[in-house]
Amino acid sequence: RVGRRLRVPVTMWRRQLGAGFEVARASRGSRGTGLENSRREWRALVSCRWSAVGTSTSRQGTSFRNVVSWTTPTDRDFDVIVIGGGHAGTEAASAAARLGASVALVTPSPLKTIGEMSCNPSIGGLAKGALVKEIDALDGLMGIAGDAAGIQFRVLNSTKGPAVRGPRAQMDRTLYKKTIQSLLSDARGLVVVDAAVRDLTLTSESEGYGRGKVSGVTLDNGTTLKAPTVVVCTGTFLRGVIRVGTRLPRVAGRVPTSLTEKPDRTATNAAHSLSKRLYDSGFTMGRMKTGTPPRLCGTSIDWSDERLTKQPGDASPTPFAFANGSKPGKDNRFKPIAPQIPCYATRTTTETELIVASAPRSPHEIAAVEFDEIFGSDAGGGEGGDGGTDGGKADGSEDKGGDGDTNGGYDKNRTSSVPSAPSPRYCPSLETKVRRFPGRSHLVWLEPEGIDTDVVYPNGLSCSLEPETQEAMLRTIPGLENVKVLKPGYGVEYDFVDPRELRVTLETKKINGLFFAGQINGTTGYEEAAAQGLVAGAAAAGVAIHGDEGRRFLDAADSASKNSDASKTSELEGESTFASSLRALLRRDNSYIGVLVDDLTRRGASEPYRMFSSRVERRLSVRPENADVRLSAIGVSLGLVSFERAAVAKTRVQLVDHALIGLDLLKRTPHEWRVVGLLKSTPVARHGRHLSAVDMLAVSNVCPFDVVTAATRIVSARKENEEAHEIPSPHDASFQRAAEILRHVIEQDGSALESASTDCFYRPYLDRQARDVAEMNSEESAFLPRNVDYTKIGGLRNEDVETLTKHKPETIGELGRLQGVTPAARLVLLQYAKRVGQRSGGEEL
């Protein structure tokens, strides 16, 4: 009620009531009857229901403040339960906790597994870096952890336009893991449960959005955790199988380290039962593949070989977190915490190709595993539930990504085997590259996995050949003639759910309250998983806190058309505000995250989905460097962004606006810019009219900091002329004021001037794009009735009716992105939506 009086989102106040971070160990035999306590009572009773057993420290040195064990034999009550402690799971748990929900993050041996980088030791890249920046703009974890653990920072595509550049950083695995665990330890209302989930607790539901609903989970020891929402982030652990050469397949979601061996085994056994539950619930599922290269001993590599090319990081590193880059000045605003080390590039040779081409094809490259042979006739065999980390990665050539396949079709009926799929489209394995592109030399990046380790990741050599063949192949590559292989490359096959089974919030259409995030949805990559986790965690908390209002997408027009008192009450309580803010976040024209979830839920994933800038239609305005300008205000309205982070974002937005005003007011003739201001990059203008800084930034590669320096010189020259008794013009005062504004912006945050200059660069295109977006949004936001009978609407083909009945689009925009729906059908339904909207007087359909 206090939040209501002050017109602050309720979730922002709920966050202050959290119970703090705990690690709970579920003891066998602790199953019992549930308590009928409210969520606030749950928080008050935390200290009574748990007894502290001291502080626990992992081998990496991460210390959790409160380690507790359960002593009361009772079921637990949470708002959100997150299954899995990988990149998707940690972001989901953190997002839900920031919204004020009581959250249980379930994963075995969390001190050993949370934040594990299962494959490539890097974050970001082309398009992926934009996802990380957007996660940070919404107060997520990945950007902060990436900055803390980065041992080399580079911006990919730095010579191209700002819209397609990709910040990327090489990680120290141990530092990244430690930082993620430290950030989670500060999350209020978050409990980490050291256990695995064996099954979902489901109940039937005759009315509502789905055919059933989730009410909790069952752990591997029989303990039941209750919650109205569950987020599944199982990564590659759903019936995961590892294959190396012709060796027998190994049941696992990844090759474990010495730390994760036992918890990975627990997660693997449990995940098979969970997969069986999903199959039995009627989800359309299939198999996907991914792969990883061998790991090499750095001391056995000849780093002095002249054929190796050294690649240092950028002289002025670009961070992921806006707080780390929003500093005064032009260069070196961000100083990395960890020592910076270089990577090296080498290439495959003709001998490499001969060995790979002559080797028998790995079974991983030929066909998917025989399910019944490995798992038994019950496709689920195993006891226990998932807790594996999300983020089994695929090898990438530039900034990682999925190796893998695709199984192409979906396996709804769980047949005994799945046929081979087409070769992977993006980041293929070495075997595939040799087969597809014979006679070529392929780039290999030698990437250190950390500061205090000799392990090297050969990016570009993903394979699943026999270990002996891998070693022989590696020794044909310059610099690797005497290399020692620490771990052979391998392929991973795992279950995934057709993401068209999900709403755009990543909630399943079949089961209310059940959310999927990460590789379970057919994606590949840490960044794609983390972005989905943030969306699913926020949406799950919204449903748990606001009920059905948390999942409805009400826009401003709908709310305004309702009874004014009811509309005000709803808005003040944060219900329709939450839904409309979530809708704004997930619009295709507003974020990479929106494009990601829209592509998945509307088009599915016939192969491991990887984000690219080319998928983003509005990438000129949806750029990595302006993610906080676009999204932080939305995060505040959702309750995702803290007060402190919101204040920083608001200040940066204001500085960007001030910079745009100042650049517009800086007007002088080309002669003055070039001669007096010494701005050599001034474009040639024959008309003799004044040129503004905006004009110059839009037509030439002018540095905005050089423009401000030139303006300062011009102001100084004008002052000298005034002393010589020249009469100043009104333009001089305006020019001087603009220069002062821009100097103030640089003194506060140099990145704000850079962001403003990029807006100037794209301004002619952005104006036209804004008009196109407004026109499209006016149609795309038209709602369709939830229970419409498409067979009774004239003008639709049978194929249209079948597709629409299956996917049940909620808006015209969603309808237009369904595969198989014709433009003619879209026009018919747009007219239908307008007629129904007029008859209902604007009420929600």
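In table form, for the structure just shown:
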item: Within the range 520-547, considering residues that are touching a Pro at 6+ places or on another chain (Cβ under 7 Å) and among the polar types (S, T, N, Q), the one nearest to Tyr426 (Cα to Cα); result: Thr524
item: Only listed residue being touching a helix residue (DSSP H, G or I) at 6+ places or on another chain (Cβ under 9 Å), closer than 27 Å to Pro342 by Cβ and surrounded by 24 or more Cβ atoms within 10 Å (Cβ to Cβ), chosen from Ala137, Ala96, Ala101, Ala145; result: Ala145
item: Filter result (open to solvent by less than 10 Å² (accessible area, probe 1.4 Å) and among the polar types (S, T, N, Q)) within the range 223-276; result: Thr223, Thr229, Thr234, Thr236, Thr260, Thr268, Ser275
item: Residues located in the range 152-173, provided they are under 16 Å from Ala321 (Cβ atoms) and aliphatic (A, V, I, L, M); result: Val155, Ala169, Met171
item: Scan of the range 484-514 for residues that are in contact with a Pro (Cβ under 9 Å, 6 or more places away or on another chain), surrounded by 22 or more Cβ atoms within 10 Å (Cβ to Cβ) and either of a type outside the set (Phe, Trp, Tyr) or not in a strand (DSSP E or B) (or both), ordered by number; result: Pro488, Gly489, Gly491, Glu493, Leu506, Asn512, Gly513
item: Condition check for Asn407: on the phi > 0 side of the Ramachandran plot and either in contact with a Cys (Cβ under 7 Å, 6 or more places away or on another chain) or at pLDDT below 95 (or both); result: no
item: Residues located in the range 261-283, provided they are in contact with a Gly (Cβ under 9 Å, 6 or more places away or on another chain) and outside any helix (DSSP H, G or I); result: Ser281
item: Selected residue [among the β-branched types (Val, Ile, Thr) and in contact with a helix residue (DSSP H, G or I) (Cβ under 7 Å, 6 or more places away or on another chain)] from Thr309, Thr284; result: Thr284
item: Single residue of Gly574, Gly547 found to be modelled with pLDDT under 90, more than 23 Å from the chain's Cα centre (by Cα), crowded, with 24+ Cβ neighbours inside 10 Å and not hydrophobic (A, V, I, L, M, F, W, C); result: Gly574
item: In the range 202-214, the residues that are open to solvent by 40 Å² or more (accessible area, probe 1.4 Å) and at pLDDT 90 or above; result: Leu202, Lys213
item: Index of the failed condition, Val675 passing every other in (1) in a helix (DSSP H, G or I); (2) open to solvent by less than 50 Å² (accessible area, probe 1.4 Å); (3) without any contact (Cβ under 8 Å) to a residue 60 or more places away in the chain; (4) of a type in the set (A, V, I, L, M); result: (2)
item: Residue that is farthest from Leu753 (Cα to Cα) [pool: residues in the range 341-360 that are in contact with a Pro (Cβ under 8 Å, 6 or more places away or on another chain) and outside any strand (DSSP E or B)]; result: Ala357
item: Leading residue by the ranking (surrounded by the most Cβ atoms within 10 Å (Cβ to Cβ)) among those in the range 447-483 that are among the polar types (S, T, N, Q) and in a loop (DSSP other than H, G, I, E, B); result: Ser462
item: The lone exception for Arg440 - which of (1) out of contact with any Phe, Trp or Tyr (no Cβ under 9 Å at 6 or more places or on another chain); (2) under 30 Å from Asp79 (Cβ atoms); (3) open to solvent by 20 Å² or more (accessible area, probe 1.4 Å) it fails; result: (2)
item: Odd one out for Ala421 among (1) modelled with pLDDT of 85 or more; (2) open to solvent by 10 Å² or more (accessible area, probe 1.4 Å); (3) among the small types (Gly, Ala, Ser); result: (1)
item: Qualifying positions in the range 165-198 - of a type in the set (A, V, I, L, M) and either touching a His at 6+ places or on another chain (Cβ under 8 Å) or open to solvent by 40 Å² or more (accessible area, probe 1.4 Å) (or both); result: Leu175, Leu183
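The values are calculated or read from the model by the stated rules, or taken from the named source; none is laboratory data. This one's a predicted model, so the numbers in the text were calculated from it and none came from an experiment. Cβ atoms come from the backbone with ideal geometry, glycine included; neighbour counts cover every protein chain shown. To get the accessible areas, we keep the full protein, side chains included, count just its heavy atoms, and leave off ligands, DNA and RNA. Shrake-Rupley method; radii C 1.70, N 1.55, O 1.52, S 1.80 Å.
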